[in-house]
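The values are calculated or read from the model by the stated rules, or taken from the named source; none is laboratory data. If you're wondering where the values come from, they're calculated on a predicted model, not measured in any experiment. Positions of Cβ are generated from backbone atoms using ideal geometry, with glycine treated the same way; all protein chains shown enter the neighbour counts. Just so you know, the surface numbers come from the protein's heavy atoms only, side chains and all, with ligands and any DNA or RNA stripped out. Shrake-Rupley method; radii C 1.70, N 1.55, O 1.52, S 1.80 Å.
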Amino acid sequence: MRVGVIGCGTIARRAHLPALKSIDHVEIWAVADVNRKAAERVAKKFNIPNVYADYKDLLKDETIEAVSICAPSFSHAEIAVESAKAGKHILVEKPLAMNVKDAVKVVKSAKEHNVKLCCVFNYRYFPAAQKAKEIITNGNLGDIVSIYGIAHTHFPISWTRSTWLYHKGGALDDFGPHLIDMICWLNESEVEEVFALGGDFLGTTNFINYIQILMKFKNRSLAVADISWLTGSFLFVIDVHGTGGHLRLDVRYNHLEKFHGMRTPLDDFRSFRTRMTTITKDVISKKFFRGALAFYKQIYEDFILSIEKGIKPPITGEEGLRVTAISEAAKISLAENRPVNISDLIKNYLDKRDG
């Protein structure tokens, strides 16, 4: 399968391109970037034969079956819609789009042109996260009552020197989509209403650098997403509380602990032993240092399988739309200091023709 990669920034170089290169039956046929010199450097490093400054020229190549969209977030929707029109299957970095209107356009376009659409939420692929999903799906926690998730990370300067991430959405649109997706994925219910507090803690940046989002689900459960760029640490931890037990998922450290009733020192000991065993194995295998980047190959393999077998992608466009809707609802809630109904927000655009 021939693939084109659009965007040659850090995420493409560190995650997408190495993953694609590691899959035997995939050929990276072309790259595109508005900075042609950057695209040429990437093409040389990864031995890619075709380079474009305009992604639309890449899309004209009829031998390319699928594209990976690694460009800045604000351009995802436009590129995805044009890719669908060109008949290319699409794997797009999170977020799917910056607002619900554009996300709906992407999902509609993929369906209209009969192409697969997959959004990258790679934190789902941590083994501990997969196990947590299995436990919840099997009913081992009973009915979900509440979820509390923390996604704290550094300012993006530790990741890239580019400044496009410092828009009004800030941390909410950067690392926030991963936490929102994980909460929704684990809960297996639709969000009805969102209320948010936070914004610019520093008072000088004019973008969201901390936010807490309260979500009410149709199954009557509640969830809080605590997102920040400010604490100088990296935390990605989710606590799930059900009528039959409790679960703590430390996503980054690939560690899961489950207990029922009163927690005891024995539970703490078992958790510590399991945690250290997992970390030791991941350090020896070097997976620990790759973190969530280690799972891009699995996402690509599942995505390619969905194309070949005509089955649902591992993470659908509708799931990407859901995350975008919750993010937009949180922004509206911040601005207007009120709860926002998710169904109304999405329905408002689903009922309209694209314009």
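Pairs from the table (Lys116/Lys297; Lys216/Lys331; Lys94/Lys347; Lys60/Lys88) lying more than 20 angstrom apart at Cα are Lys94/Lys347.
The smallest convex shape that holds all Cα atoms of the stretch 1-54, its convex hull, gives 61 Å³ per residue.
With every protein chain left in place, what is the accessible area per residue of the stretch 52-101 in square angstrom, probe 1.4 Å?
Spelled out: the 1.4 Å probe surface of the stretch 52-101, per residue, equals 36 Å².
Sorting Phe236, Phe259 on solvent-accessible area from highest to lowest, probe radius 1.4 Å, gives Phe259, Phe236.
Under the simplified labelling scheme, the Ser189-Asp54 pair shows an inter-label distance of 5.1 nm, with each label point 7 Å from Cα along Cα→Cβ. Based on C-alpha pairs under 8 angstrom that are at least 6 apart in sequence, the chain has a relative contact order of 19 percent.
Computed from backbone phi with θ = phi - 60° and the Karplus coefficients 6.51, -1.76 and 1.60, the 3J(HN,Hα) list for the stretch 277-294 is 5, 5, 4, 4, 5, 5, 5, 4, 7, 6, 5, 4, 6, 7, x, 5, 5, 5 Hz; x is used for glycine and proline.
Full extension of the chain between Thr163 and Glu336 yields a length gain of 59.5 nm, computed as 0.36 nm times the residue separation minus the alpha carbon distance.
Give the aspartates and glutamates reachable from Lys45 as a straight Cα distance under 17 Å; neighbours fewer than 8 places away on the same chain don't count. List returned: Glu27, Asp33. The angle separating the long axis of helix 176-187 from the principal Cα axis of greatest extent in the chain is about 60 degrees. Each of the peptides 148-155, 178-185, 243-250 was scored by the mean count of other Cβ atoms within 10 Å over its residues; in descending order, highest first, they stand as 178-185, 148-155, 243-250. For Met215, Met262, the ranking by accessible surface with the largest value first comes to Met262, Met215, using a 1.4 Å probe. Ordered from highest to lowest accessible area with the whole protein assembly present and a 1.4 Å probe, Arg14, Arg41, Arg220, Arg252 read as Arg220, Arg41, Arg14, Arg252.
Straight-line reach from Lys281: taking Cα to Cα under 17 Å and skipping same-chain neighbours fewer than 8 places apart, the aspartates and glutamates in range are Asp250. Rounded to the nearest 20, the Cβ-based charge dipole of the chain about its Cα centre (Lys and Arg +1, Asp and Glu -1) stands at 780 debye.
The accessible area of Leu235, taken with all protein chains in place and a 1.4 Å probe, comes to roughly 70 Å². List the GluC sites (Glu not before Pro) within the stretch 213-322 that DSSP assigns to loop and that have no more than 11 neighbouring Cβ atoms inside 10 Å. Loop-located and lightly packed - none at all. If the segment from Ile279 to Lys347 were pulled out straight at 0.36 nm per residue, it would be longer than the present Cα-Cα gap by 20.0 nm. Of all aspartates and glutamates in the structure, the ones whose alpha carbon falls short of 14 Å from that of Lys168, not counting any fewer than 8 places away in one chain, are Asp200, Glu328.
Here the accessible area is traced with a 1.4 Å probe on the protein chains. For the chain, carbon and sulfur cover 52 percent of it. With Cα extents along the principal axes in Å defined as stated, name the option among (1) 55, 53, 34; (2) 62, 60, 47; (3) 61, 50, 45 computed from the structure displayed. After the calculation, the listed value that fits is (3). A simple charge model with +1 on the Cβ of Lys and Arg, -1 on the Cβ of Asp and Glu and nothing else charged puts the dipole of the stretch 206-355 at about 320 debye relative to its Cα centre.
State the extension gain, in nm to one decimal, for the chain segment bounded by His25 and Leu230, taking 0.36 nm per residue of separation less the distance between their alpha-carbons.
On the way: separation 205, 0.36 × 205 = 73.80 nm, distance 4.25 nm.
Between His25 and Leu230, full extension yields an extra 69.5 nm.
Summed over the residues of the stretch 146-255 and divided among them, the accessible surface reaches 41 Å² per residue at a probe radius of 1.4 Å. Solvent-accessible surface of the stretch 262-330, taken per residue with a 1.4 Å probe and all protein chains present: 56 Å². A Förster radius of 25 Å combined with the Cβ-Cβ distance from Thr137 to Lys218 puts the calculated FRET efficiency at roughly 0.90. What would the Debye equation give as log₁₀ I(q)/I(0) for the stretch 193-244 at q = 0.13, 0.21 Å⁻¹, counting only Cα atoms as equal point scatterers? Each listed q corresponds, in turn, to -0.42, -0.86. Considering all alpha-carbon pairs of the stretch 269-355, what whole percent are spaced by more than 21 angstrom? That tail contains 62 percent of the Cα-Cα pairs.
Applying Stokes-Einstein at 10 °C and 1.306 mPa s to the Kirkwood radius of the stretch 180-281, computed over alpha-carbon pairs, gives a translational diffusion coefficient of 100 µm² s⁻¹.
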